[in-house]
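Worksheet for the structure shown next.
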Amino acid sequence: MMENLITYTERMEDALVGKKAFHTYNRDILHAMEIIVAGFRHAQKEVNLLSNKLEPKLYDTLRLKEAARSFLKKEGTELRILVETKIDSDHSMMTLLDEFRDKIKINTVPDKWKKIYNFNFMVVDDFGYRFEYDREKYAAIASFYEDDQKEMRSDLKNFFQILEKHAEPYPIQAEAKS
């Protein structure tokens with residue numbers, strides 16, 4: 001059974017504040033939200049996010065928007081996003097783009113590249129990641145400050161950079177909700 005959400009969040013927060021190794025698994029959107037918000041809250045320089053659709057139930061919430069805004073207000077920060085689908089113009093990430101245009105890069109993954117992987121992930125600086133094995137589910141592993149996960153963080157970052165080189169700039173005029 002999944003750990004109580006409050007206990008889960010407190011345990012993760014204690015580890016991140018102390019920069020202690022933390023590893024977890026999540027199966028649902030609520031626990032996913034806690035990991036992603038914590039990632040933004042503790043990031044100092046860079047967040048790389050590969051998401052098939054920036055699921056609004058997860059990425060278009062006030063809590064996440066505020067955590068991302070707080071991160072982006074820091075000196076020298078950058079949020080790089082790769083998406084596979086259209087983003088509604090009123091999505092939080094698009095409104096943040098208007099506010100932090102020089103700190104956010106959103107690109108679209110070309111169709112031929114989407115076929116070679118089936119996952120989503122987030123890499124936080126050089127200390128953490130959240131990895132969804134299946135882009136259609138919220139189940140994921142997350143790791144922060146684990147020395148034995150250094151290679152995984154590096155591999156994810158390298159994969160992101162390869163995809164980004166082949167990605168196309170996201171059209172600034174995103175489609176409005178119908």
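The values are calculated or read from the model by the stated rules, or taken from the named source; none is laboratory data. None of these values were measured; they are calculated from a predicted model. Note: ideal-geometry Cβ built from the backbone for every residue, glycine included; neighbour counts use all protein chains shown. What goes into the accessible areas is simple: the full protein's heavy atoms, side chains included, and nothing from ligands, DNA or RNA. Shrake-Rupley method; radii C 1.70, N 1.55, O 1.52, S 1.80 Å.
I'd like to verify a number: residues in segment 136-173 that are part of a loop (DSSP other than H, G, I, E, B), out of contact with any Leu (no Cβ under 9 Å at 6 or more places or on another chain) and under 19 Å from Glu84 (Cβ atoms), how many?
Total meeting the criteria: 5.
Among the residues of segment 99-134, count how many are within 14 Å of the chain's Cα centre (by Cα) and either acidic (Asp, Glu) or over 23 Å from Ala43 (Cα atoms) (or both).
Of the residues in segment 99-134, 3 are within 14 Å of the chain's Cα centre (by Cα) and either acidic (Asp, Glu) or over 23 Å from Ala43 (Cα atoms) (or both).
Inspect all residues belonging to segment 130-138 and state whether any of them is surrounded by 21 or more Cβ atoms within 10 Å (Cβ to Cβ), out of contact with any helix residue (DSSP H, G or I) (no Cβ under 7 Å at 6 or more places or on another chain) and of a type outside the set (Val, Ile, Thr).
Yes, segment 130-138 has at least one match.
Being modelled with pLDDT of 95 or more and polar (S, T, N, Q) is the filter here; which residues of segment 133-178 pass it?
Ser143, Gln149, Ser154, Asn158, Gln161
Suppose the filter is under 21 Å from Glu136 (Cβ atoms), open to solvent by 20 Å² or more (accessible area, probe 1.4 Å), touching a residue at least 24 places away in the same chain (Cβ under 8 Å) and over 12 Å from the mean Cα position of the chain (by Cα); does Asp88 pass it?
yes
Residues to consider are Leu30, Leu58, Leu49, Leu5; find the one that is under 18 Å from Glu136 (Cβ atoms) and open to solvent by 50 Å² or more (accessible area, probe 1.4 Å).
On inspection, the qualifying residue turns out to be Leu30.
I'd like the residue in segment 61-76 that is within 15 Å of Met94 (Cβ to Cβ) and under 13 Å from the mean Cα position of the chain (by Cα) and, out of all such residues, is surrounded by the most Cβ atoms within 10 Å (Cβ to Cβ).
Going through the qualifying residues, I end up with Ala68.
Could we say that Asn107 is on the phi < 0 side of the Ramachandran plot and either in contact with a helix residue (DSSP H, G or I) (Cβ under 8 Å, 6 or more places away or on another chain) or open to solvent by less than 20 Å² (accessible area, probe 1.4 Å) (or both) here?
yes
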